[in-house]
Amino acid sequence: MATELCIKRLTWPAATIASAICLFIAYLAQSTAGAPVNSDGASNALQAWDMLHGNLLLHGWTMSDVSFYTTELPEYMLVETFRGLGPDVVHIAGALTYTLLVLLAAGLARGNARGAQGITRALIAAGIMLAPQLGSATHLLLLSPDHVGTGVPVLAAWLIADRGANSRWAPAATGLLLAWTAVADPITEIVAALPLAAVCAGRAYRMVVSKREPLAACRYELSLAVAAVLSWPAAALATWLIAANGGWTISPVRATFAESSAWLHNVTLTAQGLLQLFGADFTSLPVSHLALFAVFHLIGIGLVSWALCRTVRRFAAADLLAQVLTVAIAVNLAAYMFTVQAQNISTTREIAAVLPFGAVLAGRQLAGPLLAARLAPVMAGALAVYGGMLASNAVQPPLPAPAADLTVWLAEHDLTQGLAGYWQASSLTLDSRDTVQVRAVAANRGVLASQDYWEASRAWYDPAKHYADFIVSMGAARNWSDQTLVRQMEARAGRPAHVYRFGPYTIAVWHRNLLARLR
């Protein structure tokens with residue numbers, strides 16, 4: 001009896017660990033095969049490398065509008081501790097992040113349910129997220145940090161709130177984790193802290209005012225609401241203290257409402273983005289197995305839509321987490337559709353949280369009805385197809401780094417410090433494992449200027465410490481003077497001493513330090 005009980009207790013942890021290993025291997029293979037590392041991910045890897053070498057506060061760094069300081073950067077540091085600096089760091093971290101996201105979604109969907117109910121809940125949530133689509137969805141979900149990883153600590157915070165009901169420590173732990181996450185990504189305040197505070201306040205109001213219950217009956221909800229609200233100033237204070245002590249600063253976020261004339265376009269863009277997130281973007285695919293995979297992913301969208309409608313219809317009777325998830329999805333979508341954040345399909349990252357939130361909601365809300373309708377065999381078949389999709393994605397041949405040959409060529413010609421446009425600079429540096437250091441420059445009113453205002457360190461551009469003598473420009477034009485970056489540097493540093501062409505690149509070399517010529 002004791003042995004059987006021990007086996008039962010170990011079954012779930014063992015299955016979770018085995019699933020985590022299998023998922024990580026598959027997601028790493030798909031990340032490597034489906035999306036080359038660009039300068040966004042490369043910049044994050046360079047930031048983590050700088051932190052590993054003692055610059056823990058990232059002195060002199062200006063980040064993008066998201067710092068990832070308390071979420072992905074520690075993960076990058078851990079990977080780089082064992083792997084060193086290189087493009088594989090971004091792939092490993094991306095696969096690890098998504099694996100954790102799937103497992104947390106499954107665990108949160110399961111909740112306190114046990115037996116067939118608990119397993120079904122977990123499998124519905126994990127199944128919806130199981131097989132990201134090849135192409136742009138792979139880049140969004142399995143590569144560079146961009147709001148996707150924010151879902152990991154957010155789901156962990158909600159897991160604490162869900163499992164620690166009526167405990168004294170759960171609200172404080174939830175609030176601290178939300179504040180920790182908001183330091184890395186301010187969108188946490190909109191898609192996590194705000195929904196939690198609003199729902200808990202509403203539930204407390206209904207208990208006290210509508211049901212005439214004593215205030216003590218809603219102590220847990222009020223504690224969660226206060227913790228969620230306090231996470232905002234706590235995150236702001238931490239960010240201010242970092243900057244006040246010479247640490248990193250963040251670029252401002254454009255957070256204004258869009259013109260009403262853009263709303264229809266934004267709604268259409270949102271719909272396309274949701275198809276991409278859920279792996280169902282079949283609109284641009286030719287008739288092939290990939291298109292069939294995408295169409296099959298409509299099942300996930302259908303389940304989440306059903307769960308949303310079910311929760312909204314019975315909102316007052318829904319449990320706390322179902323209400324929070326529903327409000328969070330609605331707030332995230334509204335904030336995207338009616339602000340200037342919706343620009344093109346690449347900005348789908350702003351609603352990345354809808355995928356795990358929707359998957360968890362579907363698991364918690366639909367397991368009962370599906371089991372009651374005896375649809376377990378149908379769900380098992382759908383899950384098997386999703387698993388086949390993931391396996392098909394994972395066996396695709398890996399993509400080579402697009403500029404790996406260029407970094408070798410530069411090193412062979414003793415060109416180890418130079419300049420390039422943003423999308424070439426940090427990716428070249430990472431491809432070379434920092435042996436060739438290429439820093440980003442941008443055109444500012446026709447004059448080259450250091451790109452120290454976006455994902456860069458000011459120390460890179462100090463001519464007293466560094467000597468950059470070449471520019472890499474994208475496009476092998478017939479005349480080097482047709483290259484914008486080269487032409488603009490010529491106006492300040494004279495004609496280049498040498499001009500080379502390598503594949504799609506033009507490399508112009510001067511016998512002087514170009515950093516001293518930057519504005």
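The values are calculated or read from the model by the stated rules, or taken from the named source; none is laboratory data. All values derive from a computational prediction rather than experimental measurement. Note that we place each Cβ from the backbone using ideal geometry, even for glycine, and neighbour counts take in every protein chain shown.
Screening segment 257-333 for helices (runs of 4 or more DSSP H) wholly inside it with 3 or more residues that are under 13 Å from A359 (Cα atoms) and in contact with a Phe, Trp or Tyr (Cβ under 8 Å, 6 or more places away or on another chain) returns the ranges 298-313.
Which of (1) part of a helix (DSSP H, G or I); (2) modelled with pLDDT under 95 is the odd one out, the single condition G86 does not satisfy? Every condition holds for G86 apart from (1). Apart from one condition, W409 fits all of (1) under 25 Å from the mean Cα position of the chain (by Cα); (2) farther than 26 Å from G135 by Cβ; the exception is (1).
For segment 334-351, the tally of residues that are in a helix (DSSP H, G or I) and among the aromatic types (F, W, Y) stands at 1. A residue that is more than 30 Å from A362 (Cα to Cα) and in contact (Cβ under 8 Å) with a residue 12 or more places away in the chain occurs somewhere in segment 89-103. Does at least one position in segment 352-364 carry a residue that is over 18 Å from L196 (Cβ atoms), not in a helix (DSSP H, G or I) and not hydrophobic (A, V, I, L, M, F, W, C)? Checked segment 352-364: no residue is over 18 Å from L196 (Cβ atoms), not in a helix (DSSP H, G or I) and not hydrophobic (A, V, I, L, M, F, W, C). Among the residues of segment 377-407, how many are buried (at least 16 other Cβ atoms within 10 Å of the Cβ), among the aliphatic types (A, V, I, L, M) and closer than 30 Å to A425 by Cβ? Residues meeting the conditions: 3. Looking across segment 22-42, the residues that are part of a helix (DSSP H, G or I) and either more than 20 Å from V102 (Cβ to Cβ) or of a type in the set (G, A, S) (or both) come down to A26, A29, S31, A33, G34, S39, D40, G41, A42. Only a single item in (1) assigned to a loop (DSSP other than H, G, I, E, B); (2) among the acidic types (D, E); (3) touching a residue at least 40 places away in the same chain (Cβ under 8 Å) is not met by D414, and it is number (3). Restricting attention to segment 284-317, the residues that are within 12 Å of Q365 (Cβ to Cβ), free of Cβ contacts under 8 Å to residues at least 60 places away in the same chain, more than 24 Å from the chain's Cα centre (by Cα) and surrounded by fewer than 21 Cβ atoms within 10 Å (Cβ to Cβ) total 7. Restricting attention to segment 93-116, the residues being out of contact with any Gly (no Cβ under 6 Å at 6 or more places or on another chain) and farther than 16 Å from R163 by Cβ number 10.
For segment 275-283, does any single residue satisfy the condition of being at pLDDT 90 or above, surrounded by 18 or more Cβ atoms within 10 Å (Cβ to Cβ), more than 27 Å from C200 (Cβ to Cβ) and of a type in the set (S, T, N, Q)? Yes, the conditions are met somewhere in segment 275-283.
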